[in-house]
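Single-structure report; data block below.
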Amino acid sequence: MPDHARKTCFVTIGATAAFNSLLKAALEPSFIQALHDAKYTDLLLQYGSDGKAIFDKGVSEHGDDYKQRLGVQLSGFDFKKAGLAVEMRLAKGANRLGNEEGVVISHAGSGSILEALRIGVPLIVVPNTDLLHNHQVELAEELAKQDYVIHGKIDKLSLAIDEAEKLRQRMQAWPPANNDEGKGSRALEEVMNQEMGWVD
């Protein structure tokens, strides 16, 4: 990768519920080391209305070290009314600028998942298990089983980066890895319809 090229990891916790454990995991030294090892240059976090203190603490404690020693620049914001399409496209990279394709890490809300899947970069889906009566774990497991996403876990987030790089290789292969109808899995459409509440 050229010296000026960028490779972005974009993390979104969503707009409706706090997900502080994901923010903390994304600011851990082991996670930043995993980004460095995979040649990432930027970590962009959408931290929501409750996560600013966590983000600011992570930047003040580790930001300079992450930038100087590991070459990973931290930046973040709380929320954008216009949505996150622009930030997700940063993870897509721009070949004309020499930038590399990165990764999106998202809570397991169906809207964020669909938006990230449209971008066409590896997606790590991390369910917020603190939410009551949610289907985030089921959705993440099913999409991972069908090889659309990586099912990330808070305590193993750094390992998901390597898995995302492997998913990128499978996504670029032909035919696509998730094109196997013989797996016996529910179709993506069925999972999304159920998540959105469009099932009888």
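The values are calculated or read from the model by the stated rules, or taken from the named source; none is laboratory data. Treat the numbers as computed from the prediction; the structure is a model and nothing was measured. So basically every Cβ, Gly included, is an ideal-geometry build from the backbone, and we count neighbours across all protein chains shown.
Tabulated results
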item	result
Residue that is surrounded by the fewest Cβ atoms within 10 Å (Cβ to Cβ) [pool: residues in the stretch 62-105 that are in contact with a Gly (Cβ under 9 Å, 6 or more places away or on another chain), aliphatic (A, V, I, L, M) and not in a helix (DSSP H, G or I)]	LEU74
Close pairs from the stretch 31-57: first without any contact (Cβ under 8 Å) to a residue 24 or more places away in the chain and over 25 Å from LYS81 (Cα atoms), partner buried (at least 21 other Cβ atoms within 10 Å of the Cβ) and of a type in the set (D, E, K, R), Cβ under 9 Å, at least 6 apart	none
Conditions (1) within 12 Å of the chain's Cα centre (by Cα); (2) under 23 Å from VAL137 (Cα atoms); (3) free of Cβ contacts under 8 Å to residues at least 60 places away in the same chain; (4) surrounded by fewer than 23 Cβ atoms within 10 Å (Cβ to Cβ): number failed by LEU23	(4)
Qualifying residue in the stretch 137-150 (condition: of a type in the set (Ser, Thr, Tyr), out of contact with any strand residue (DSSP E or B) (no Cβ under 6 Å at 6 or more places or on another chain) and more than 23 Å from TYR47 (Cα to Cα))	yes
Failed item, numbered, when THR8 is tested on (1) under 19 Å from LEU123 (Cβ atoms); (2) polar (S, T, N, Q); (3) free of Cβ contacts under 8 Å to residues at least 40 places away in the same chain	(3)
Condition met for ARG186 (at pLDDT 70 or above and either assigned to a helix (DSSP H, G or I) or surrounded by 10 or more Cβ atoms within 10 Å (Cβ to Cβ) (or both))	no
Single match in THR16, THR8 (criterion: in a loop (DSSP other than H, G, I, E, B) and among the β-branched types (Val, Ile, Thr))	THR16
